[in-house]
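Chemist: Here's a structure for you.
The values are calculated or read from the model by the stated rules, or taken from the named source; none is laboratory data. None of these values were measured; they are calculated from a predicted model. Ideal geometry is used to build each Cβ from the backbone, glycine not excepted, and the neighbour counts take in all protein chains shown. Heads up: the accessible areas ignore ligands, DNA and RNA and are worked out on the full protein's heavy atoms, side chains in. Shrake-Rupley method; radii C 1.70, N 1.55, O 1.52, S 1.80 Å.
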Amino acid sequence: MKKSILLIDDEMDFLECLIIRVESMGLTFDSCSSFNEAIKLLNKTSYDLIVSDIHLADACGLAIADWINKNASDTKIIFITGLLDEHDVND
């Protein structure tokens, strides 16, 4: 069975780059650009991996980690960011 991935980023150019890369690898995936869209997808689909921006327009990406820990603890998460320093991540 193919592994499924959820890609989440509110920067559409970067999300498109992720999509192109994942498609080229032949992987099964969904993508969205907000926390709210992600939760809708997570409520109806089980994912093996989530790749998410740490800062989304409608929520901190860490809120996705909280949701995963409560509802789908087997799902792995990779956070990405365009921020330049670790202090920005904590703000």
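Chemist: Every residue in segment 8-18 that is in contact (Cβ under 8 Å) with a residue 24 or more places away in the chain and either of a type in the set (Gly, Ala, Ser) or open to solvent by less than 50 Å² (accessible area, probe 1.4 Å) (or both), please. Please lay out each step first, then the result.
Modeler: Here is the first cut: in segment 8-18, the residues in contact (Cβ under 8 Å) with a residue 24 or more places away in the chain are 8-11, 14, 18.
Passing the criteria: ILE8, ASP9, ASP10, LEU18.
Chemist: How many residues does segment 61-71 contain that are closer than 15 Å to THR45 by Cβ and surrounded by fewer than 14 Cβ atoms within 10 Å (Cβ to Cβ)? Even if it seems obvious, please write down each step before you answer.
Modeler: Here is the first cut: in segment 61-71, the ones closer than 15 Å to THR45 by Cβ are 64, 67-68, 71.
Filter once more, keeping what is surrounded by fewer than 14 Cβ atoms within 10 Å (Cβ to Cβ): 71.
Adding up the residues that qualify gives 1.
Chemist: Part of a loop (DSSP other than H, G, I, E, B) and either without any contact (Cβ under 8 Å) to a residue 24 or more places away in the chain or among the aromatic types (Phe, Trp, Tyr) (or both) - does that describe any residue in segment 49-71? I'd like the intermediate steps shown before the answer.
Modeler: Narrowing segment 49-71 to residues part of a loop (DSSP other than H, G, I, E, B): 54, 57-58, 61.
If we keep only those that are either without any contact (Cβ under 8 Å) to a residue 24 or more places away in the chain or among the aromatic types (Phe, Trp, Tyr) (or both) too, we end up with none.
No, segment 49-71 contains no residue that is part of a loop (DSSP other than H, G, I, E, B) and either without any contact (Cβ under 8 Å) to a residue 24 or more places away in the chain or among the aromatic types (Phe, Trp, Tyr) (or both).
Chemist: Please work out which one of (1) modelled with pLDDT of 90 or more; (2) touching a His at 6+ places or on another chain (Cβ under 9 Å) is the condition LYS44 fails and give its number.
Modeler: (2)
Chemist: For segment 1-14, what are the residues that are outside any loop (DSSP other than H, G, I, E, B) and either within 19 Å of ALA65 (Cβ to Cβ) or of a type in the set (Gly, Ala, Ser) (or both)?
Modeler: Initially, segment 1-14 is screened for residues outside any loop (DSSP other than H, G, I, E, B), giving 4-8, 12-14.
SER4, ILE5, LEU6, LEU7, ILE8, listed by residue number.
Chemist: Residues of segment 24-41 being part of a strand (DSSP E or B) and at pLDDT 95 or above, which ones? Can you show your working first?
Modeler: Of segment 24-41, the ones part of a strand (DSSP E or B) are 28-32.
Correct list: PHE29, ASP30, SER31, CYS32.
Chemist: I'd like to check something: does segment 25-39 contain any residue that is in contact (Cβ under 8 Å) with a residue 40 or more places away in the chain and β-branched (Val, Ile, Thr)? Outline the logic, then answer.
Modeler: At the first step, the residues of segment 25-39 found to be in contact (Cβ under 8 Å) with a residue 40 or more places away in the chain are none.
Among the residues of segment 25-39, not one is in contact (Cβ under 8 Å) with a residue 40 or more places away in the chain and β-branched (Val, Ile, Thr), which makes the answer no.
Chemist: Right, something else. Would you point out the residue of segment 19-47, among those that are among the hydroxyl-bearing types (Ser, Thr, Tyr) and in contact with a Leu (Cβ under 9 Å, 6 or more places away or on another chain), that is surrounded by the most Cβ atoms within 10 Å (Cβ to Cβ)? Spell out how you get there, then give the answer.
Modeler: The initial filter retains those residues of segment 19-47 that are among the hydroxyl-bearing types (Ser, Thr, Tyr), namely 24, 28, 31, 33-34, 45-47.
Narrowing further to those that are in contact with a Leu (Cβ under 9 Å, 6 or more places away or on another chain): 31, 33-34, 45, 47.
On the way: SER31: 18, SER33: 18, SER34: 15, THR45: 11, TYR47: 23.
Across segment 19-47, the extreme among qualifying residues is TYR47.
Chemist: Mind listing whichever residues of segment 72-91 are more than 14 Å from ASP10 (Cα to Cα), outside any loop (DSSP other than H, G, I, E, B) and at pLDDT 90 or above? Working first, answer last.
Modeler: First, the residues of segment 72-91 that are more than 14 Å from ASP10 (Cα to Cα): 72-78, 84-91.
Next, from what is left, pick out any that are outside any loop (DSSP other than H, G, I, E, B): 76-78, 86-90.
Matches in segment 72-91: LYS76, ILE77, ILE78.
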